[in-house]
Amino acid sequence: MRGKGSCVSQEILRAEGLRKTFPGVVALDGVDLSLRTGEVHVLLGENGAGKSTLIKILSGAYHPDGGRVLMDSRQVHIRSAGDAQRLGIATIYQEFNLVPQLTVAENLALGRPPRRFGFVDVRRMEQQAGRLLERVGVDVDPRTPTARLGIARMQMVEIAKALALDARVLIMDEPTAVLTTSEVARLFAIVRQLRDEGVAVVFITHHLEEIAEIGGRVTVLRDGRSVAEVPANTRRDELVGLMVGRPIDQQYPRRPAERGEPLLEVRGLTRRGVFDDVSFEVRAGEVVGMAGLVGAGRTEVARALFGADRYDAGQVFVRGRPLPPGDVHAAMEAGLGLVPEDRKAQGLVLGADVAENLGLVTMRDATRAGFVDRPGLRRTAAKVAEQLGIRMTGLSQEVRTLSGGNQQKVVIGKWLAANANVLILDEPTRGVDVGAKVEIYQLVNALTAAGDAVLMISSDLPEVLGMSDRILVMARGRLVGELPAAEATQDAVMALATTETSHVR
Amino acid sequence: GGEGGGAGGGELELGMSVSTLNNPYFVQLRDGAQAEAKNLGVTLTVTDAQNDASQQVNQVQNFTSQNMKAIIINPVDSDAAAPAVKAAERVNIPVVAADRGVTGAEVAQTVASDNVAGGKMAAQALAEQLGEKGQVAVLQGTPGTSASRDRGQGFAQGVAAYPNIKVAAKQPADFDRTKGLDVMTNLIQSHPGVTGVFAENDEMALGAIKALGARAGRQVKVVGFDGTPDALKAVRSGTMAATVAQQPKLLGKQAVEAAVRVAKGETVQKSVAVPVKVVTKENVADFETS
Amino acid sequence: MSADVLPRRSPAAAWLAENGAVVALVVLVVALSLLSGDFLSLTNLLNVGVQAAVTAILAFGSTFVIVTGGIDLSVGSVAALSAISLAWTATSAGLPWPLATLVSLAVGIACGLVSAALIAYGKLPPFIATLAMLGIARGLALVVSEGSPIAMPDAVSELGGTIGAYLPIPLIVMVVMGVIAAVILNRTYPGRAMYAIGGNQEAARLSGIKVDRQLLITYALSGGFAAVAGIVLASRLASAQPQAAAGYELDAIAAVVIGGASLSGGKGRALGTLVGALILAVLRNGLNLLSVSAFWQQVVIGVVIALAVLVDTLRRRGTN
Amino acid sequence: MSADVLPRRSPAAAWLAENGAVVALVVLVVALSLLSGDFLSLTNLLNVGVQAAVTAILAFGSTFVIVTGGIDLSVGSVAALSAISLAWTATSAGLPWPLATLVSLAVGIACGLVSAALIAYGKLPPFIATLAMLGIARGLALVVSEGSPIAMPDAVSELGGTIGAYLPIPLIVMVVMGVIAAVILNRTYPGRAMYAIGGNQEAARLSGIKVDRQLLITYALSGGFAAVAGIVLASRLASAQPQAAAGYELDAIAAVVIGGASLSGGKGRALGTLVGALILAVLRNGLNLLSVSAFWQQVVIGVVIALAVLVDTLRRRGTN
Ligand SMILES: Nc1ncnc2c1ncn2[C@@H]1O[C@H](COP(=O)(O)OP(=O)(O)OP(=O)(O)O)[C@@H](O)[C@H]1O
Ligand SMILES: Nc1ncnc2c1ncn2[C@@H]1O[C@H](COP(=O)(O)OP(=O)(O)OP(=O)(O)O)[C@@H](O)[C@H]1O
Ligand SMILES: O[C@@H]1[C@H](O)[C@H](O)CO[C@H]1O
Ligand SMILES: [Mg+2]
Ligand SMILES: [Mg+2]
């Protein structure tokens, strides 16, 4: 294997003055990017800065309105995904591009299944899939319908799918957003290996600590312009400054509040084959973090206690009163709120506008005699959007066309207006930029200071450690431990999370 | 008529496939058949082919599975009924055609009114009402159905005898009352000089009368086809000038009669023409009780 | 927030962009005015309105359903059954007509509720639930009427007439129902919930919307609107017919889709639906005025429907 | 990552779970056997097969379309136009029947391609594009035939007959078309692309699938299958009728959906569709044999369709 330094890296791809507008917004306004073989090039920028738009131009999903793209110093026109594939560009998009109804194997071979006598060679397709899955370290049967995978494993399948193309340029748009520490490590190992083989990797992330770990050069985008190209070992606050335009002094500004009575109590919650005998409580003024590996069952517990899914045994109390099972409405009446982990599938009405989405939860309360006070809802929405700094052309922008991180802010925003007493946040800052993360943490502080409680599920360990007063750890469907904030370290949590318990799954 | 052979009729099972029951005309045809079946003490199973020739073939096929002793078919389409009839013949079940003939296969008897003749009579009746001159509009039935074809053809032949009558417009209204109303409303706009209307059935005629409002029966004469109860009422009140009455109840009755006789192995006449008659205000009383 | 916001379009342009079917309607009207001297008279335009009324009212009801991402194939049959119920209870059961009218509305709503229950609780696809209801309602209409038309009570038949010498009541009913539909869709909780459900049912549920209950309301509205359409239809003919409005479901759905709704849900407006229904009515009216031959009419209607929507999608692509 | 895979069900159980309509079919067959002595004879069962054939073949074609998330309302009209084309070219234009048959297939495929072009390039919703084609094809069938049935060439009409004394050819054609549909869906690139497009069109596009081209293939197949159905239908009647197969699109779609497909795309199998078509045919056949009165039949068919799918969804909920 060639060493990092010894590799004679040359420019493979160059973008010059790229410009792209959408109705009402200029997403890219003169972006340059230079990509060399054998480098990991990080794209950094706030939510809505134009990162995804840039890579979608490189992958043939969008056509630029201006500027040009050169590969091997020759101008190329990438008009379709097929063109990009032929040029050796593979892309992992920020939003999943899997077909849920098809098997994992078929998704891995999507668009180019192996054929024999003109017919799809299923056997070979599944064998190839098996090898790819092994390479990324995912233990699933290639014949599993993709819809049955959790979100993290879907991400790993996406990664495997891109690897299958044996590309010269590999673009990864926030691949680590939904992964836990161990998978991130696995992914980085793969990326390093590809880099050393001479592949040019474009890597987008909002986890700044990952930049130094994996990156070579960093291109910073701001408001659709490329504002700087710096080495990856640039100081963190300097990067933040380039990106946000202002310093951020504290990444995790948790201000513990006074603890009160238990607001949420979960007793013996069990769903056969998914989670078993889960009991815990969350008190007023508390932020309880929930950590665990992917598939530990955190999401399932959260959904069940919120009434979104059924459970087989156990009970949920809010302020001492039992909740009827499987009744979202009752849970909301009692003061629960849930920010779900999959924003596209569960959080947003993608075809509706920002105001509509932000008002979804409060619409009932804004109704008098059957009529909805839409102007009132809109005013509230405007306030929330302002508070979270949602980057949009206006409240009437379709949520579908917001950048990923801004979509996430909308999901959180719709619960802010709702005055929930116990807010369950499932991966709340997934895809959110550093600046906005702090905004969200401030909101968490404000909630607990007002005597409300937060249950925060997150695969971002520093976030769990930095923002929780108490940390619950789940493994294989069971609660395996609890750590007070003072004693919690990454290692302690990971040790618990990997405890061997008897499976409930 | 008559008892058709007397004793032992109780176990006799007959099948009847009606082209569609989405039309009062055929409901009467069925009623006539059922009344006669009751009268003769035979079991009659009626199915509705919903104006679909192939569904009708299916139904006849199913009758053969049930070992019906005779089958009455009221063809959706005369040509398309042939294979059904042949299928029944193969297993020696005699078939009687009602209301419309079957072309391309032998049936034991055809009990029908003649639509081409009826169309001609309608032309004559309308000409008489119009004093043999003027512009007429024709509301056509569902395009492609034999009833529409035959009546249209008969009317065209009939009207050719009157050089001063001009067919100003022909538009489809699908045998449907609402469509008759809408299409006529529109035709009044584009052909205000129309003084006569021939509708290929009464449902459309009644719609046209609605469209014409007070002009119906006065400035504009409407002639329909079928002689349904609603149409007879309209003829009596003068809004409909005439209708070419088929006698669906009589058709149904005679078809059952014939079917019972052939089922018992008796021979019957090859064809019975149930007369169509022009009903006008003068003779409407003769039809209203039938 | 970036300062790179492009100049906003004028409200009129924005409205047009969203209601592209209007353009097609205008083109159609202009073309027909040039082709036929009879087209652009007040009487004829009122006729077109009347002829659009039944389809439009059915289509308003279908708009609710389509906004939730569902489909209602039963509207034509339910219209017929409702009208037959009115005529039958008024005639054979001797109910006074206002009561008979209520019965008729109740029948329509009940049909909608049954479909909705099958969908919400039985988890049937809307296509199947309402296809079943299509057969059931039509069959019941035939059973109750024994296959024959029943005269409508005179008082109700007035609905088919005019106010004064000119103003047709069906037109007024259409406008009123359209306004009701627009208000429900835009201003009420159930209306807003329909958009949320059609946009993302799971997100709606997790936001506390009782999806099952809202679906019941949605299909009940569709049934109620179908009953009104049935009554208008029967009033125009002064007779309730068991086979009335057969096949109208496709027209109603077409009107909604031409009006800019998407069958996958979350989109649709009452005004668009009205325009869609008007396009269909103008088209049929025009072909009659132009004396297009029976066989060619279907071809022409098909081509024009395709063109009308094509104009819209191409224009929309142009602006993007 | 753990081996979190649930224990796999036995293949038979898995098959049943996915093809729940089979259960409904079996229940229906058992019930009818008990209710009517005539039902369970070989002749009658063959009849049912023949009676299912046309709907089934149309429905196989519709399965392709529905798997892509589309809908094809034109299949009935296209079947009629194809049959008329065959009969007309063989009779009036004097083409030898094998050539006339090819023309007929080409006409069906061409209709599908036109719909697909409107959808893929004109961005029309499939509902509108195929509704337009429904009118166009029906109108052309009437124009070409001048509204009258045309006799089919004798050689082709044989298709409506039997091999030997018993084995009906339509049944064989149905099975062959079913196998072709299954192979296309399961084993070919276009087939798999249909699932990808229906499941997630954007993902399909970004994976390099030429969505437009695949849609052309999909609707061309639907048109081709419709042509075959039209030929079988006309052969059974020995006559090509311009009005044939009117309204069959709803039956075809119902068969596909009863067979487990989803109108939102990505799901559907040829075998399920066959079962769906058989359920409809068994139902109609049984009601005839039981001498259920004509008006009630529509009610009963509606109820049974709802129940059949209900059985399926409830069972599915039970196992999950
Ligand atoms: N299809 C579209 N229509 C309109 N606006 C769009 C569309 N796609 C993107 N935008 C806008 O372009 C801008 C850039 O979006 P982009 O997705 O590239 O941001 P990003 O840098 O990837 O952000 P994030 O970190 O949140 O993913 C945003 O303001 C977004 O709202
Ligand atoms: N036996 C199984 N077969 C297929 N899929 C399974 C099985 N068991 C679990 N899964 C999938 O794994 C997922 C569990 O991961 P999930 O993301 O829900 O858990 P989590 O603890 O919330 O983890 P995270 O939040 O980190 O993703 C489930 O949603 C499910 O789709
Ligand atoms: O003979 C019948 C009647 O005239 C009916 O009104 C329409 O269909 C025709 O076939
Ligand atoms: Mg992005
Ligand atoms: Mg989770």
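The values are calculated or read from the model by the stated rules, or taken from the named source; none is laboratory data. Computed from a prediction, not measured in an experiment: that's the story for all the values here. Methodologically, a virtual Cβ is constructed for each residue, glycine included, from the backbone with ideal geometry; neighbour enumeration extends over all protein chains shown. We work out accessible area using only protein heavy atoms, side chains counted, and drop any ligands, DNA or RNA first. Shrake-Rupley method; radii C 1.70, N 1.55, O 1.52, S 1.80 Å.
Hey, what angle do you get for helix A:374-388 against the long axis of chain A, alpha-carbon based, 0 to 90 degrees rounded to 10?
The two axes meet at around 60 degrees.
Please give the calculated 222 nm ellipticity per residue for chain D, where each DSSP H segment of at least 4 residues contributes -39500 (n - 2.57) and the sum is spread over every residue; nearest 500 deg cm²/dmol?
Mean residue ellipticity, 222 nm, calculated: -24500 deg cm²/dmol.
Need one value for C:256-263: mean number of C-beta atoms belonging to other chains within 10 Å of its residues' C-beta atoms.
Average neighbour count from other chains, rounded to a whole number: 3.
Using alpha carbons only, how many angstrom separate the centre of region A:445-505 from the centre of region D:49-67?
Going from one Cα centre to the other spans 55 Å.
If the label for C:SER264 sits 7 angstrom from Cα along the Cα-to-Cβ line, what are its distances to the same label in every other copy, in nm to one decimal, shortest first?
Shortest to longest, the spacings are 1.0 nm.
What helices in chain C pass both tests, a Cα length along the helix axis of 27 Å or more and a mean Kyte hydropathy of -1.0 or higher, using whole DSSP H runs?
Once both thresholds are applied, what remains is C:42-67, C:97-120, C:126-145, C:211-237, C:270-289, C:294-319.
Which of A:LYS20/A:LYS161; A:LYS20/A:LYS409; B:LYS170/B:LYS221; B:LYS133/B:LYS277 have a Cα-Cα distance over 19 Å?
A:LYS20/A:LYS161; A:LYS20/A:LYS409; B:LYS133/B:LYS277
Order A:432-438, A:293-299, B:278-284, D:83-89 from most to least packed using the mean count of other Cβ atoms within 10 Å. Mind dumping the intermediate values first?
Values: A:432-438: 21.9, A:293-299: 23.9, B:278-284: 17.4, D:83-89: 27.4.
Put in order of decreasing packing, that is D:83-89, A:293-299, A:432-438, B:278-284.
Take every residue in peptide A:344-354, count the Cβ atoms of other chains within 10 Å of its Cβ, and give the average of those counts.
Mean shielding by partner chains, rounded to a whole number: 5.
With the Cα gyration tensor of region D:42-311 giving a ≥ b ≥ c as the square roots of its eigenvalues, does the rule (a/c under 1.5 for rounded; else a/b larger than b/c for prolate; else oblate) give rounded, prolate or oblate? Please report the intermediate quantities before stating the final value.
Values: a/c = 1.64, a/b = 1.13, b/c = 1.45.
It comes out oblate by the Cα gyration axes.
Which value, in Å², gives the accessible area per residue of chain D when a 1.4 Å probe is used on the protein heavy atoms?
34
Rg (Å, one decimal) plus Dmax (Å, integer) for the alpha carbons of region B:36-89?
Gyration radius and largest Cα-Cα distance of region B:36-89: 11.4, 32 Å.
For Cα pairs less than 8 Å apart in space and 6+ apart in sequence, what is the mean separation divided by the residue count of chain A, i.e. the relative contact order in percent?
Numbers: 1083 pairs, mean separation 81.6, N = 505.
That works out to 16 percent.
Once region C:201-312 is represented by equal point scatterers at the alpha-carbon sites, with solvent omitted, what log10 I(q)/I(0) does the Debye formula produce at q = 0.21 Å⁻¹?
For region C:201-312, the Cα-only Debye profile gives -1.27.
Before we go on, tell me the buried accessible area for the D/A pair, both chains summed, 1.4 Å probe, in Å² to the nearest 100.
Its buried surface, counting both partners, is about 2500 Å².
Order the following by accessible area, largest value first: A:TYR441, A:TYR252, D:TYR248. Probe radius 1.4 Å; ligands, DNA and RNA are ignored.
From most accessible down to least: A:TYR252, D:TYR248, A:TYR441.
For chains C and B, what's the summed buried accessible area, probe 1.4 Å, to the nearest 100 square angstrom?
Buried surface at the C/B interface: approximately 2300 Å².
Nearest 100 Å² is fine: how much accessible area is buried between C and D, summed over both sides, with a 1.4 Å probe?
Buried area (both sides, nearest 100 Å²): 3400 Å².
Could you give the distance between the Cα centres of region D:84-115 and region B:99-166, to the whole Å?
Centre-to-centre distance over Cα atoms comes out at 32 Å.
Along Cα-to-Cβ, 7 Å out, sits the label point; list in nm, shortest first, how far the one on C:SER92 is from those in the other copies.
Between copies, matching label points for C:SER92 lie 4.7 nm apart.
Tell me the per residue accessible area of chain B using a 1.4 Å probe; a whole number in Å² is fine. Spell out each step's value before the answer.
Working: 10140 Å² over 290 residues.
Ligands and nucleic acids excluded, the figure is 35 Å² per residue.
Sorting check: for B:45-51, B:14-20, C:159-165, which peptide has the highest mean count of neighbouring beta carbons within 10 Å, and how do the rest follow?
The peptides rank, most packed first, as B:14-20, B:45-51, C:159-165.
Can you show me the helix-derived [θ] at 222 nm for chain A, built from DSSP H runs with n ≥ 4 at -39,500 (n - 2.57) apiece and divided by the number of residues, rounded to the nearest 500.
After summing the helix terms and dividing by residue count, I get -9000 deg cm²/dmol.
Please report the carbon-and-sulfur percent of the accessible area for chain D; probe 1.4 Å, protein heavy atoms only, DNA, RNA and ligands left out. Write out the running numbers ahead of the final one.
Values: 7540 of 10910 Å².
It is 69 percent, rounded to a whole number.
So, with a 1.4 angstrom probe, what is the percent of accessible area on region A:343-437 that is carbon and sulfur?
49
Rounded to the nearest Å, what's the spacing between the alpha carbon centres of region C:270-320 and region B:210-230? Just the number, please.
32
Quick one: label points 7 angstrom along Cα→Cβ at D:ARG213, distances to the other copies in nm, smallest first?
Between copies, matching label points for D:ARG213 lie 5.3 nm apart.
Leaving out ligands and nucleic acids, and using a 1.4 Å probe, what accessible area per residue does chain A come to in Å²?
Per residue, chain A has 38 Å² of solvent-accessible surface.
What's the average, rounded to a whole number, of partner chain beta-carbon atoms within 10 Å of each residue's beta-carbon in B:187-195? Don't jump to the answer; show the numbers that get you there.
On the way: counts 4, 5, 12, 11, 4, 1, 0, 0, 0.
The shielding value for this peptide is 4.
Rounding to the nearest 10 and keeping the result within 0 to 90°, find how far the Cα-based axis of helix B:146-159 lies from the longest principal axis of chain B.
Roughly 40 degrees, rounded to the nearest 10.
Summing -39500 (n - 2.57) over the DSSP H runs of n ≥ 4 in chain B and dividing by its residue number, what mean residue ellipticity at 222 nm do you reach, to the nearest 500 deg cm²/dmol?
-13500 deg cm²/dmol
I'd like the orientation of helix A:434-449 relative to chain A: the angle between its Cα long axis and the longest Cα principal axis, in ° from 0 to 90, rounded to 10.
Orientation of helix A:434-449: about 0 degrees from the principal axis.
Can you give the Kirkwood hydrodynamic radius for region D:244-305, in Å, rounded to one decimal and based on Cα pairs?
12.4 Å is the Kirkwood radius here.
Solvent-accessible area of C:LEU42, probe 1.4 Å, all protein chains present, reported in Å² to the nearest ten, please.
120
As an exercise, take the mean of 1/r over every pair of distinct alpha carbons in the protein assembly as shown, invert it, and state the Kirkwood radius in angstroms.
Its Kirkwood hydrodynamic radius stands at 34.5 Å.
Which net charge results when you count Lys and Arg as +1 and Asp and Glu as -1 among the other residues whose beta-carbon is under 11 Å from that of A:SER459?
So the surrounding residues net to -4.
Loop only per DSSP, at most 13 neighbouring Cβ atoms within 10 Å: give me the GluC sites (Glu not before Pro) in region B:10-49, ordered by residue number.
Working: sites: B:GLU11, B:GLU13, B:GLU36; in loops: B:GLU11.
Filter output for region B:10-49: B:GLU11.
For region C:120-209, just say rounded, prolate or oblate: build the C-alpha gyration tensor, square-root its eigenvalues into a ≥ b ≥ c, call rounded for a/c under 1.5, and beyond that prolate if a/b exceeds b/c, oblate if not.
It comes out oblate by the Cα gyration axes.
Any chance you could check region A:64-102 for residues losing 20 Å² or more of accessible area when the partner protein chains are in, compared with the chain on its own (1.4 Å probe)?
At a threshold of 20 Å² (probe 1.4 Å), the residues of region A:64-102 that become less exposed are A:ALA81, A:GLN85, A:TYR93, A:ASN97, A:VAL99, A:GLN101, A:LEU102.
Tell me the label-point distance for the pair A:ALA369, A:ASP249, using the 7 Å Cα-to-Cβ offset, in nm and rounded to one decimal.
So the label points at A:ALA369 and A:ASP249 sit 5.3 nm apart.
Name the shape class, rounded, prolate or oblate, that the alpha-carbon gyration tensor gives for chain A, where a ≥ b ≥ c are the square roots of its eigenvalues, rounded holds for a/c under 1.5, and otherwise prolate holds if a/b is larger than b/c and oblate otherwise.
Prolate shape, in that a/c is at least 1.5 and a/b is the bigger ratio.
Specify the residue with the greatest mean-square fluctuation among B:VAL268, B:VAL159, B:VAL96, computed from a Gaussian network of chain B linking alpha-carbon atoms under 10 Å apart.
In the Gaussian network model the winner is B:VAL268.
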